[in-house]
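First up is the structure itself, then whatever we jot down about it.
The values are calculated or read from the model by the stated rules, or taken from the named source; none is laboratory data. Everything numeric here is computed off the predicted structure, so don't read it as measured data. When we count neighbours, we look across all protein chains shown, and the Cβ atoms used for this are built from the backbone with ideal geometry, even at glycine.
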Amino acid sequence: MPVANVTTERLKLRPVAPADGAALEALFADPVVRRWLLDDTIMPRAWIDEVIAQSEADFAARRCGLWRVGAAEGDALVGVVGYRDFFEPPVFEILWLLHPDHHGQGLAEEAVRAALRHGFEAGGLDPIRASTDAPNEASIRLAGRLGFQETGREPGPGGDTIHYALARAAFEAR
């Protein structure tokens with residue numbers, strides 16, 4: 001089944017592809033992005049390429065993976081949203097990240113809502129899981145606005161990791 005691109009009022013989401021490698025490498029190296037997503041580690045290009053390849057495999061097997069988030073007008077890179085495995089044992093979770101130039105405009109919520117809808121409808125995910133570092137107040141607020149419920153906490157290198165779940169019925173009720 002081909003993976004459909006997702007369009008919102010202000011954004012275009014398309015599956016990440018090998019051609020996005022350099023742009024994603026720069027995005028993941030941004031100090032604000034890597035602080036919350038990568039425990040402040042700069043990841044090598046080979047890691048980026050593996051993430052892209054795994055996303056392609058996830059879309060093929062699960063109908064969900066990572067999307068490159070671009071502006072609807074001009075397609076400038078805004079960020080990444082989508083699903084991938086985290087933790088041991090693996091948990092297929094949604095993640096979101098925006099370049100700091102795009103913070104505070106409601107774009108993360110717009111992109112995540114579109115990815116959640118796709119996850120529930122095309123991916124058959126229910127509930128959808130997420131996690132964030134406890135100091136990441138912006139992501140905690142967004143998770144709350146979207147209806148995620150906290151399911152637990154565990155200690156991590158940058159403070160606690162908060163785990164969340166969102167049932168399809170709760171998402172559709174909002």
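Observations on the structure shown:
- Hits in region 33-55 - residues which are closer than 19 Å to Ala130 by Cα and either assigned to a helix (DSSP H, G or I) or in contact with a helix residue (DSSP H, G or I) (Cβ under 7 Å, 6 or more places away or on another chain) (or both): Val33, Arg34, Arg35, Trp36, Leu37, Leu38, Val51, Gln54, Ser55
- Verdict on Ala111 being over 16 Å from the mean Cα position of the chain (by Cα) and at pLDDT 95 or above: no
One line per residue, one yes/no per condition, for (1) free of Cβ contacts under 8 Å to residues at least 40 places away in the same chain; (2) closer than 26 Å to Gly21 by Cβ:
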{"residue": "Leu66", "(1), (2)": "no, yes"}
{"residue": "Phe86", "(1), (2)": "no, yes"}
{"residue": "Pro100", "(1), (2)": "no, yes"}
{"residue": "Ala114", "(1), (2)": "no, yes"}
{"residue": "His118", "(1), (2)": "no, yes"}
{"residue": "Pro127", "(1), (2)": "no, no"}
{"residue": "Glu137", "(1), (2)": "yes, no"}
{"residue": "Glu150", "(1), (2)": "yes, no"}
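- Leu95 being closer than 24 Å to Leu11 by Cβ, at pLDDT 95 or above and in a loop (DSSP other than H, G, I, E, B): no
- Residue match in region 124-133 (condition: of a type in the set (Asp, Glu), in contact with a Lys or Arg (Cβ under 6 Å, 6 or more places away or on another chain), at pLDDT 95 or above and part of a loop (DSSP other than H, G, I, E, B)): yes
- Among residues of region 90-111, those that are under 16 Å from Leu37 (Cα atoms) and either of a type in the set (A, V, I, L, M, F, W, C) or surrounded by 21 or more Cβ atoms within 10 Å (Cβ to Cβ) (or both), counted: 8
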